[in-house]
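Colleague: This is the structure, below, for whatever I ask next.
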Amino acid sequence: MIIGGSASQKLAAKIAWELEDTLCPVETRKFPDGERYLRIKEDVEDGAVVVQSTGYPQDENLIELFLILKTLQDMAVEDVKVVIPYFGYGRQERRFKDFEAVSASIMADMIEFCGASELLCVNLHEDDIRDFFDIPVHNLSAMQPLAEHIGARFEDPVIVAPDKGALSFAEEIAGILGCECDHMEKTRISPEKVETKPKNMDVKGRDTVIIDDIISTGGTIVNATNILRKHGAESVVVSCVHPVLVGDALLKIFAAGVDDVIGTDTLRSDVSTVSVAGIIAQKLREI
Ligand code: R5P
């Protein structure tokens, strides 16, 4: 049975459809004081797949996930596979200053404590997060469905990574489509401010597609777009796995001259047009 948490209802339904599996109804609401009530409305006999992204509002989505998992444990469901398409708190995966909470590690402990037997995620911010778990963790890549979407729109685009960290994504997409890729150099000054330096961008008159794992404030994309436009790109389309899109990020991105933004449905947003349901269903069939 597939159980969709509040954050991932549509994606859970798509996964259930792909697998020809049943969706298990869940009742969830808030008490007047803001606390959450949850009830799994049917008996679950042969194992469950719980789908819940833990993006904004992170804490609420996490609590709901823990309530679902612990309730399944109480119901004596032994095989509980958890799909967390966007793994919230994943960016604090180490201690940058003394005595900081290593949030990603604490999330891993909680997910295991609540009874998960296996975990599937999509493009974890750092693959090392898997080491915090004792259960098997599958870190899936959304590059194939993104590449298919990009390939259907452009004949010979240049795939651009806005920083070195995203170069492997650009290479993966360029490899699938058989086109060129390039990357820029980025330095983060603060959570909201980044500086980006161009390399020898050869994009004059070309369709360009920027790829990143996360778009948060949009600062990275705005800088990269400015550089591509300065170097004479014919069009600039932005793609990402996780459209976190804090505040007016989309406004800033379009105001910078981006033609379109393509995100996946690991998170719900106005630009979540490419679905990761297929790659998740495929992995669930295999394991
Ligand atoms: C950084 O390591 C990530 O890959 C993204 O580049 C970053 O999260 C984007 O953040 P923002 O949209 O705030 O520039």
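Colleague: Restricted to the range 44-78, and to residues that are touching a helix residue (DSSP H, G or I) at 6+ places or on another chain (Cβ under 6 Å) and hydroxyl-bearing (Ser, Thr, Tyr), which residue is farthest from Val122 (Cα to Cα)?
Modeller: So, considering only residues that are touching a helix residue (DSSP H, G or I) at 6+ places or on another chain (Cβ under 6 Å) and hydroxyl-bearing (Ser, Thr, Tyr), the one farthest from Val122 (Cα to Cα) is Thr54.
Colleague: Next question. Taking interchain pairs and intrachain pairs at least six residues apart, which have beta carbon atoms under 8 angstrom, with the first residue in the range 172-198 and part of a helix (DSSP H, G or I) and the second within 11 Å of the ligand (Cβ to nearest atom) and modelled with pLDDT of 95 or more?
Modeller: Ile173/Ile211
Colleague: Within the range 144-171, restricting attention to residues that are small (Gly, Ala, Ser) and not in a strand (DSSP E or B), which residue is nearest to Ile279 (Cα to Cα)?
Modeller: Kept after step one, since they are small (Gly, Ala, Ser), are these residues of the range 144-171: 147, 151-152, 161, 165-166, 168, 170.
From what is left, the residues that are not in a strand (DSSP E or B) are 147, 151-152, 165-166, 168, 170.
Working: Ala147: 13, Gly151: 18, Ala152: 18, Gly165: 23, Ala166: 20, Ser168: 19, Ala170: 19 Å.
Checking each candidate, the answer is Ala147.
Colleague: Here's something else I'd like to know. If you go through the range 49-71 one residue at a time, do you hit one that is without any contact (Cβ under 8 Å) to a residue 40 or more places away in the chain, in contact with a Phe, Trp or Tyr (Cβ under 7 Å, 6 or more places away or on another chain) and over 18 Å from Pro25 (Cα atoms)?
Modeller: Yes, the range 49-71 contains at least one residue that is without any contact (Cβ under 8 Å) to a residue 40 or more places away in the chain, in contact with a Phe, Trp or Tyr (Cβ under 7 Å, 6 or more places away or on another chain) and over 18 Å from Pro25 (Cα atoms).
Colleague: Filtering the range 1-30 down to residues that are out of contact with any strand residue (DSSP E or B) (no Cβ under 6 Å at 6 or more places or on another chain) and assigned to a loop (DSSP other than H, G, I, E, B), which residue is surrounded by the fewest Cβ atoms within 10 Å (Cβ to Cβ)?
Modeller: Ranking the candidates gives Glu20 first.
Colleague: Which residues, counting only those in the range 99-126, are modelled with pLDDT under 95 and either surrounded by fewer than 18 Cβ atoms within 10 Å (Cβ to Cβ) or more than 30 Å from Ile176 (Cβ to Cβ) (or both)? Even if it seems obvious, please write down each step before you answer.
Modeller: As a first pass, look at the range 99-126 and keep what is modelled with pLDDT under 95: 125-126.
Listed by number, the list holds a single entry, Glu126.
Colleague: I need the full set of residues from the range 78-88 which are crowded, with 21+ Cβ neighbours inside 10 Å and either modelled with pLDDT under 95 or in a loop (DSSP other than H, G, I, E, B) (or both), in order please.
Modeller: Pro85, Tyr86, Phe87, Gly88
Colleague: Still on this structure: Just give me the residues in the range 220-245 being in contact (Cβ under 8 Å) with a residue 40 or more places away in the chain and near the ligand (Cβ under 10 Å from one of its atoms), in sequence order.
Modeller: Of everything in the range 220-245, those that are in contact (Cβ under 8 Å) with a residue 40 or more places away in the chain and near the ligand (Cβ under 10 Å from one of its atoms) turn out to be Thr220, Ile221, Asn223, Ala224, Val241, His242, Val244.
Colleague: Search the range 186-210 for residues being in contact with a Pro (Cβ under 8 Å, 6 or more places away or on another chain) and modelled with pLDDT of 85 or more, and hand back the single one that is nearest to the ligand (Cβ to nearest atom).
Modeller: Residue satisfying both the conditions and the ranking: Ile210.
Colleague: Thr217: within 16 Å of the ligand (Cβ to nearest atom), under 20 Å from Val261 (Cβ atoms), under 22 Å from the mean Cα position of the chain (by Cα) and not assigned by TED's automatic domain parsing to the domain that holds Thr54, yes or no?
Modeller: Values: within 16 Å of the ligand (Cβ to nearest atom): yes; under 20 Å from Val261 (Cβ atoms): yes; under 22 Å from the mean Cα position of the chain (by Cα): yes; not assigned by TED's automatic domain parsing to the domain that holds Thr54: yes.
For Thr217, the condition - within 16 Å of the ligand (Cβ to nearest atom), under 20 Å from Val261 (Cβ atoms), under 22 Å from the mean Cα position of the chain (by Cα) and not assigned by TED's automatic domain parsing to the domain that holds Thr54 - is met.
The values are calculated or read from the model by the stated rules, or taken from the named source; none is laboratory data. Bear in mind the structure is a predicted one, so any value in this text is a computation, not a measurement. Quick reminder, even Gly has a Cβ in these numbers, built from the backbone with ideal geometry, and neighbours come from all protein chains shown.
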